[in-house]
Amino acid sequence: KIFSSIDVYKKLCEQQKIFALQAKQFYWRDMGTPQDYQHASRECLAAQVFGIALSRIHEIDIQALSGDGSDRLWFRARHKEKSLILSDHGICMDAVQCNTQGNTQSNNGTAQLHAFIKIGKHLADKGIAVPRIMGHDTISGQVAVADLGSAHLADHIRGMDENRIITWYQLVIDALIDFSFKGIEYFDTTWTCQTPSYSKQMILDLECRYFMQAFVNEYLGRKEQFETFARQFAHIADNALIYAMNGLMHRDCQSKNIMIHEGHPWFIDFQSARPGPLQYDLASLLIDPYVTLSQAVRDQLLNFALEKIGLKVSFDKDAFMHSFRYCCISRNLQMLGAFGFLTQVKNKTQFEKYIPAALKGLECRLKNLNDPELADLTNFTQSLQGDLK
């Protein structure tokens, strides 16, 4: 029944049954709100990784970092000369069920947490350049990873001359090929979130439909339906996959998901990895909206990638390029969907400035592809320029 603890204490006091204990070596924090619980979980996980007693948690300094396009929160924890990064995926109420049943589809937050931990450990064990996972708390959704600093590829190359930029991108491409070829070895698709692989249905739902709903309908306010271009979207998906060089795809391989640490590129935000075409990750890297690469540089880097892949496997370069061009289209559609969603729904307006270039890029890529099957979509994309805010 409902009762007042104060009334209970009053009765106990009258009976002289209340005593006091002064606890000097304990960690004490109010966890009365979800935010306070998350804060306490971060402190406890950091203390565990740093190897210090809970009574010394006050020695740990935890500072919030600027976020990304996801709902996750990021923090840097420091203790003396040591530091680590904490990724807060949010409280996962069904985490126990997820762990015991392997059900990664029950809750998107839980699925992403599960994928982040499992895939991260797999990649690190393969010697792939990702930050090592140092600990996690499944229920609070906290993950501690190695601190790679604060230099993203986009920031690192700013102001560099073209030759140095090409050198850095060649290092990234080398690492990306390793990610694809080594990462797929013994990869378990039950670790993935959303879908177990990059499939036609995924392209249609999470890239083409995303473009129509989040960008065209919600951001631009146009009332065009996905079904109007369903046949053309299916054509894009089929051609992106027809000559796919399947390995492990990162799915969001762009310059803000690549850190530069100790002179080498490292991949972060790998929780969306799944079996899929290397062409898609190359497309993501080379048409990245956060870095403007000239077409000549893109062509040079693409040729470098083809040569490097040829050292590992024998393949048809023309067929590879065919799927690459359509992967560029599907990735461009996904980018615009994401920018529209983040701006309009999540109110993360810092992404809006990338929309004009991304839309112009989609128009140019469709025109250069010059595929008669995509004529209506090409004209439609061109018409969207006048609707930009």
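The values are calculated or read from the model by the stated rules, or taken from the named source; none is laboratory data. Here the structure is a predicted model, which means the values were calculated and not measured. Using ideal geometry, Cβ is built from the backbone for each residue, glycine included, and neighbour counts are taken over all protein chains shown. Each accessible area value is taken on the protein alone, full model and side chains, heavy atoms only, with ligands, DNA and RNA left out. Shrake-Rupley method; radii C 1.70, N 1.55, O 1.52, S 1.80 Å.
Before moving on, here are some points about what is shown:
- Residue in region 186-209 that is at pLDDT 95 or above, aliphatic (A, V, I, L, M), surrounded by fewer than 20 Cβ atoms within 10 Å (Cβ to Cβ) and over 19 Å from Phe339 (Cα atoms) present: no
- Region 348-389 - residue that is polar (S, T, N, Q) and within 14 Å of Ala338 (Cα to Cα) and, of those, least open to solvent (accessible area, probe 1.4 Å): Thr349
- Residues being of a type outside the set (Asp, Glu) and in a helix (DSSP H, G or I) - total across region 25-73: 20
- Options Phe226, Phe233, Phe267; residue that is surrounded by fewer than 19 Cβ atoms within 10 Å (Cβ to Cβ), touching a Cys at 6+ places or on another chain (Cβ under 8 Å), closer than 19 Å to Gln334 by Cβ and not small (Gly, Ala, Ser): Phe226
- Taken over region 55-77, the criterion of being surrounded by 14 or more Cβ atoms within 10 Å (Cβ to Cβ) and modelled with pLDDT under 95 is satisfied by Ser55, Ile57, Asp68, Gly69, Ser70, Arg72, Leu73.
- In region 1-50, the qualifying residues are those that are surrounded by 10 or more Cβ atoms within 10 Å (Cβ to Cβ) and among the charged types (D, E, K, R), and the one that is nearest to Lys80 (Cα to Cα) is Glu43.
- Looking only at region 114-135, and only at residues there that are free of Cβ contacts under 8 Å to residues at least 24 places away in the same chain and outside any helix (DSSP H, G or I), the one that is surrounded by the most Cβ atoms within 10 Å (Cβ to Cβ): Ile133
- Scan of region 136-178 for residues that are on the phi > 0 side of the Ramachandran plot and surrounded by 18 or more Cβ atoms within 10 Å (Cβ to Cβ), ordered by number: Gly141
- Residue, nearest to Gly159 (Cα to Cα), within region 274-296, restricted to residues that are buried (at least 23 other Cβ atoms within 10 Å of the Cβ) and among the hydroxyl-bearing types (Ser, Thr, Tyr): Ser284
- For region 237-249, the candidate set comprises residues that are farther than 15 Å from Glu207 by Cβ and open to solvent by less than 50 Å² (accessible area, probe 1.4 Å); within that set, the residue that is farthest from the chain's Cα centre (by Cα) is Met245.
- Close pairs (7 angstrom Cβ cut-off, 6 or more residues apart or separate chains): of a type in the set (A, V, I, L, M) and at pLDDT below 95 in region 158-174, surrounded by 15 or more Cβ atoms within 10 Å (Cβ to Cβ) and part of a helix (DSSP H, G or I) anywhere: none
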